[in-house]
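Here the structure is laid out as C-alpha cells; the discussion comes afterwards.
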Amino acid sequence: MSRGVRWAGAVQGTAAAVQLLITLSFLRSVVQAQVAGVLDDCLCDIDSIDNFNNYKIFPKIKKLQERDYFRYYKVNLKRPCPFWAEDGHCSIKDCHVEPCPESKIPVGIKAGHSNKYLKVANNTEELEDCEQANKLGAVNSTLSNQSKEAFIDWARYDDSQDHFCELDVFSCSDERSPAAQYVDLLLNPERYTGYKGPSAWRVWNSIYEENCFKPRSVYRPLNPLAPSRGEDDGESFYTWLEGLCLEKRVFYKLISGLHASINLHLCVNYLLEETWGKPSWGPNIKEFKRRFDPVETKGEGPRRLKNLYFLYLIELRALSKVAPYFERSIVDLYTGNTEEDADTKTLLLSIFQDTKSFPMHFDEKSMFAGDTKGAKSLKEEFRLHFKNISHIMDCVGCDKCRLWGKLQTQGLGTALKILFSEKEIQKLPENSPSKGFQLTRQEIVALLNAFGRLSTSIRELQNFKVLLQHSSSCTHCCEAIVEQFTL
C-alpha cells in the first residue's frame, strides 16, 4: 500500500474518530440537561420525585391505563376553532376523517348518536410534509364489535347515575357533544406526527401570549420554540416571573410544564426511519437537545423540565385529595365486567394510597389566600384563562395532537377542580351521590391518563439519562483512538 493511500486512510479515520468524540461530548452535554435540586414555590426536591415516580407510581399507572375503563376516551375532534379561520388541516383527500357507518359503532360507546371516528391528518406547509403528516397524525379508529356493544352499556349506566357536577368549570368536557366519539388510546399513542410550522406555533403562541398573565412590559415571545423571539437573553429573561403573584406564577408553570411534557413525548417516540412503509420509532437525542439542552436553549431547557416536575406535583396532590371520593362503596368503575371492574378499582385505590404517602406535597392552600374579594376575583381570572386554553385545543390542526392536547388539558382541569373543592370532598356522603362534588367518567379517564403522561415523561427523562451515560462511557476509548490517529 502506498504512503499516500495510508495517509488518506489515516485522515479519514481521524475524521471519523473526531466526529465520534464530538458526538459523545454532545451526549454528555445532554446528560447535563437533567435537572436537580429543589423546585421553586414548593419544598420538594427532584430526586425524591424521580424515586417515588419511577419505582412506585409508574408501574401501577401504566397498568391502570391498559384497563378498559381508562383506555377509551370520548372526544369531539370536529369542533371548529373559535378564534381564527382554520388553516391547519391538510387539504389532501386522504388527510380527512371519514365517518364510520353507524352499524359498525360499538354498542357500549354510542348513546343514541353515531359515535365513531376514523382517519384524519395534520397539516404543514409543504405537500410532502402533509402526506407524511396524513399517515402519522391519523387517528386509529379501530374498535371491536365487543367494545362497541360495551360502550352503549356504559352510556346507559352513566345516564342512570345522578350527576350534579358543573361541567363548565375547569375541565371543559366533550362528552355531551353529539359529535363526540370514543377513541382507543392504546391504538393512538402520543408521538411525533410531523405537525409543525405556523399552525402549531400559532396555537402555542396564543396560549402563552394571551393566557399566561404575561406583563405588557415583556416583549419577547414566551413560546420557547417560536421562530422569531427577538432579543433572547435565555434564562435571565424570566426575572419577570418574580414580579407575579404566586397564583400567576403557578399558572405559567403548569402550561410550561405541560408543553415540556408533550415535547418530551415527541422526542421519545420520534420517527427515526421508514422502510417498506413501516415506520420505526425511538428516542431522538438531537431533538431532545434542541428543546432541552442548557447550552442550546441558553439555560432555559432545565427550567422547562423543572416546570414539568412542578406540574407532576400539582396533579399528584389532586390524586391524593380526591382519594376519599373513590374510596366510597357507591363509586364503581363500570365497564360491565364485574371482576375486572373490581380489580381496576383496587389498583386505582392502591395508587391513591401511594400518592397520600408522598411526604412533600404542594400546598395548594397557599393559593388564593388573600382577602376574600381579591382571591375570588383572581380565582375567576385563573379559571377563565384555563377555559380559554381548553378551547384553543380545538385549533390544533393534527387530530392525534388534538386528541392528546384535549385529554391532557381536561386532565389538568379536573386536577384543579379537585384542589379547589376540598371542603366539598370532605363532606361527601358514603352511600349516596354528592350535590357538592362529582366527577364524570370522562373527567376520571382524563385525570388518570394525563397524570400517566406526566409519570411517563419523568420516567423517560431517566431513560434518556441512562442511555446517554452508557453512550459517553466509551469517551476515553475514543480519545485514545483520536490520539493514535493524530500522532
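The values are calculated or read from the model by the stated rules, or taken from the named source; none is laboratory data. Worth saying up front: this structure is predicted, and the values here are computed from it rather than measured. All Cβ positions, even for glycine, are placed from backbone atoms using ideal geometry, and neighbour counts span all protein chains on display. Protein only, heavy atoms only, side chains kept; ligands, DNA and RNA dropped before computing areas. Shrake-Rupley method; radii C 1.70, N 1.55, O 1.52, S 1.80 Å.
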Specify which of the listed residues (F358, F310, F362) is within 25 Å of E210 (Cβ to Cβ), of a type in the set (F, W, Y) and buried (at least 18 other Cβ atoms within 10 Å of the Cβ).
F310
Considering only the stretch 402-413, how many residues are within 17 Å of W201 (Cα to Cα) and more than 10 Å from the chain's Cα centre (by Cα)?
1
Does K74 qualify as being surrounded by fewer than 16 Cβ atoms within 10 Å (Cβ to Cβ), closer than 16 Å to N449 by Cβ, touching a residue at least 40 places away in the same chain (Cβ under 8 Å) and among the basic types (K, R)?
no
Among the listed residues L454, L378, L384, which satisfies the condition of being under 17 Å from the mean Cα position of the chain (by Cα) and assigned to a helix (DSSP H, G or I)?
L454
State which residue pairs qualify: first residue in contact (Cβ under 8 Å) with a residue 12 or more places away in the chain and on the phi > 0 side of the Ramachandran plot and inside the stretch 390-411, second residue open to solvent by less than 10 Å² (accessible area, probe 1.4 Å) and among the aromatic types (F, W, Y) in any location, beta carbons under 8 Å apart, and separation of 6 or more residues or different chains.
none
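Within the stretch 321-339, how many residues turn out to be assigned to a helix (DSSP H, G or I) and either aliphatic (A, V, I, L, M) or open to solvent by less than 50 Å² (accessible area, probe 1.4 Å) (or both)?
Residues meeting the conditions: 5.
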Within the stretch 190-305, helices (runs of 4 or more DSSP H) holding 2 or more residues that are open to solvent by less than 40 Å² (accessible area, probe 1.4 Å), in contact (Cβ under 8 Å) with a residue 60 or more places away in the chain and under 30 Å from G370 (Cα atoms)
198-211, 246-268
